[in-house]
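Q: Sharing a structure, written as structure tokens. Questions coming.
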Amino acid sequence: MTEQTQNTQMQLMQQILQKIEQYDKIVISRHMRPDGDAIGSTKGLKEIIKLTWPNKDVRLINSDGSDYLAFLGGEDEQAEDDFYRETLCIVIDTATTERISNPKYSLAKELIKIDHHINVQPYGDVCWVENLRSSACEMIAFFYNTFRDKLKIDVTAATYVFCGMVTDSGRFRYETVTGETLRLAATLLEQGINTDWLYANLYLEDFDYLKFQAHVFKKMQVTAHGIAYLVVDRKMQKRFALTTEQACEAVSFLKGIKGCIAWIAFIEMPDGSIRVRLRSRFMQIHPLAEKYGGGGHEYTCGATLHDKKQIQAMLQDGDEMVAQYKQNNSGWM
């Protein structure tokens, strides 16, 4: 990171801190269909603000939730329109406004964006984006650590933030993990996080769900040049009584196959659309997602298809990408 970039980073964080200090009412929101990073970063920042300024009215408001992460606790009810008039809204881990899970965010007096996705849509009065960070939670941990002489944290806040860092970094294995990521994680662990409890809630599975995983291994396929893929249709979801979150998690079962440097899960939704989860190693997969109206990170992204015929088209395009990458690069496995 250049000195100029560091100076810009510090200026943005100072602006955010000043806005938080300035407002008595703060609403924190995230993206729809939340993951551990979206929930951990928003709940963690709320807790840090409340610990530091107990008299502020800080609310975490969103229109949906996550069964998988329900063990972290609930969120606040939607507020009346009048509440937003003198309110600061902080939206975290959300690349575009159309994905914000709070439809009233635009009613706030000022808006802050904190995100680690590619900045395809800058928005807000303050826009702090670092797309090389492993998670939005890493940014919240960095924000706390930068101003730790002023901000307060406890084991609850640290647990929320650490949860998002763990889940969005693939347990600290993805390419975006740096030495600073681990140092910030260590700062959180020093608060006394019960990692046995956290990892049990995150990673223990019901026996029936393991049967689904076994079924995935039978049904997954591989393209000619090395994309592992699976279609999780409504019939499969009904057979294994899967939630949408569990169906989407099928993409993680496809990783770790030698020669398959990309893997994709196609999940049929109740409205007939097809949610796509794309992952890769070595080769950046986000151009494929963007071609089909999606986006995200370089190696972890998503899209939505509206016709089953698009599945084969996307696989063909992806297979050509993989073939070209393998032809022009070495060292992949």
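Q: I'm trying to understand the selection: among the residues of region 12-21, which are open to solvent by 40 Å² or more (accessible area, probe 1.4 Å) and within 20 Å of residue 123 (Cα to Cα)?
A: The first filter runs over region 12-21 and keeps only residues open to solvent by 40 Å² or more (accessible area, probe 1.4 Å), leaving 14-15, 18-19, 21.
Correct list: 14, 15, 18, 19.
Q: Output the residue which, of all residues in region 48-62 that are in contact (Cβ under 8 Å) with a residue 12 or more places away in the chain and among the basic types (Lys, Arg), is least open to solvent (accessible area, probe 1.4 Å). Can you show your working first?
A: Keep residues of region 48-62 that are in contact (Cβ under 8 Å) with a residue 12 or more places away in the chain, which gives 48-49, 51-53, 55-62.
Filter once more, so that each one left must be among the basic types (Lys, Arg): 56, 59.
On the way: 56: 13, 59: 69 Å².
Once the filter is applied, the top-ranked residue is 56.
Q: Residues being open to solvent by less than 20 Å² (accessible area, probe 1.4 Å), of a type in the set (A, V, I, L, M, F, W, C) and not in a strand (DSSP E or B): count how many of those fall in region 22-47.
A: Of the residues in region 22-47, 3 are open to solvent by less than 20 Å² (accessible area, probe 1.4 Å), of a type in the set (A, V, I, L, M, F, W, C) and not in a strand (DSSP E or B).
Q: Within region 279-293, count every residue that is in contact (Cβ under 8 Å) with a residue 40 or more places away in the chain and touching a Ser or Thr at 6+ places or on another chain (Cβ under 9 Å).
A: Number of matching residues: 1.
Q: Within region 70-124, track down each residue that is surrounded by fewer than 18 Cβ atoms within 10 Å (Cβ to Cβ), among the small types (Gly, Ala, Ser) and under 25 Å from residue 141 (Cβ atoms).
A: 70, 73, 74
Q: Do you know which residues across region 179-230 are in contact with a Phe, Trp or Tyr (Cβ under 9 Å, 6 or more places away or on another chain), aliphatic (A, V, I, L, M), open to solvent by 60 Å² or more (accessible area, probe 1.4 Å) and not in a helix (DSSP H, G or I)?
A: Correct list: 222 only.
Q: State which residue pairs qualify: first residue within 17 Å of residue 133 (Cβ to Cβ) and inside region 294-305, second residue basic (Lys, Arg) and in a strand (DSSP E or B) in any location, beta carbons under 8 Å apart, and separation of 6 or more residues or different chains.
A: Pairs found: 299/279; 300/279.
Q: Is it the case that residue 83 is farther than 28 Å from residue 280 by Cα and modelled with pLDDT of 95 or more? If you could, list the steps in order and put the result at the bottom.
A: Numbers: farther than 28 Å from residue 280 by Cα: yes; modelled with pLDDT of 95 or more: yes.
When the stated conditions are applied, residue 83 passes them.
Q: Condition first: under 19 Å from residue 80 (Cβ atoms) and of a type in the set (Asp, Glu). Now tell me which residues in region 108-122 satisfy that. So that I can check it myself, show each step before the final result.
A: Looking only at region 108-122, we keep the residues that are under 19 Å from residue 80 (Cβ atoms), and these are 108-111.
The answer is 110, and nothing else.
Q: Consider residue 223 against the criteria (1) at pLDDT 95 or above; (2) closer than 21 Å to residue 304 by Cα; (3) of a type in the set (S, T, N, Q); (4) out of contact with any Asp or Glu (no Cβ under 8 Å at 6 or more places or on another chain): it satisfies all of them except one. Which criterion is unmet?
A: (4)
Q: Then there's this: If we keep just the residues of region 312-333 that are among the polar types (S, T, N, Q) and loosely packed, with under 10 Cβ neighbours inside 10 Å, which is nearest to the chain's Cα centre (by Cα)?
A: If we filter region 312-333 for residues that are among the polar types (S, T, N, Q), which is where we start, we get 312, 316, 324, 327-330.
From what is left, the residues that are loosely packed, with under 10 Cβ neighbours inside 10 Å are 312, 327-328, 330.
Numbers: 312: 27, 327: 32, 328: 31, 330: 30 Å.
The selected residue is 312.
Q: I need every pair where a residue in region 222-247 that is without any contact (Cβ under 8 Å) to a residue 60 or more places away in the chain and charged (D, E, K, R) has its Cβ under 6 Å from the Cβ of a residue that is surrounded by 15 or more Cβ atoms within 10 Å (Cβ to Cβ) and not in a helix (DSSP H, G or I), sequence separation at least 6 or different chains.
A: Matching pairs, first to second residue: 233/268; 234/268.
Q: So which helices (runs of 4 or more DSSP H) stay within region 233-333 end to end and still have 1 or more residues that are in contact with a Gly (Cβ under 6 Å, 6 or more places away or on another chain) and within 29 Å of residue 202 (Cβ to Cβ)? I'd like the intermediate steps shown before the answer.
A: Working: elements: 234-239, 244-248, 286-291, 309-328.
Those helices (runs of 4 or more DSSP H) span 286-291.
Q: Can you pull out the residues in region 125-148 that are assigned to a loop (DSSP other than H, G, I, E, B) and within 13 Å of the chain's Cα centre (by Cα)? Explain how you work it out, then say what you get.
A: Step one: list which residues in region 125-148 are assigned to a loop (DSSP other than H, G, I, E, B), which gives 125, 130-135, 147-148.
If the condition is that a residue be assigned to a loop (DSSP other than H, G, I, E, B) and within 13 Å of the chain's Cα centre (by Cα), then 131, 133, 134, 135 are the ones that fit.
Q: Checking the structure you have, find out if any residue of region 22-30 is touching a helix residue (DSSP H, G or I) at 6+ places or on another chain (Cβ under 8 Å), modelled with pLDDT under 95 and among the small types (Gly, Ala, Ser). Lay out the reasoning, then the answer.
A: Going residue by residue through region 22-30, those that are touching a helix residue (DSSP H, G or I) at 6+ places or on another chain (Cβ under 8 Å) are 23-30.
If we keep only those that are modelled with pLDDT under 95 too, we end up with none.
Checking region 22-30: not a single residue is touching a helix residue (DSSP H, G or I) at 6+ places or on another chain (Cβ under 8 Å), modelled with pLDDT under 95 and among the small types (Gly, Ala, Ser).
Q: Right, another one. Condition check: closer than 19 Å to residue 43 by Cα and surrounded by fewer than 21 Cβ atoms within 10 Å (Cβ to Cβ). Does residue 151 satisfy that?
A: yes
The values are calculated or read from the model by the stated rules, or taken from the named source; none is laboratory data. Note that the structure is a prediction, hence the values are computed from the model and not measured. Heads up, the Cβs are rebuilt from the backbone with ideal geometry, glycines too, and the neighbour counts pull from every protein chain shown. Surface areas here come from the heavy atoms of the whole protein model, side chains and all, with no ligands, DNA or RNA. Shrake-Rupley method; radii C 1.70, N 1.55, O 1.52, S 1.80 Å.
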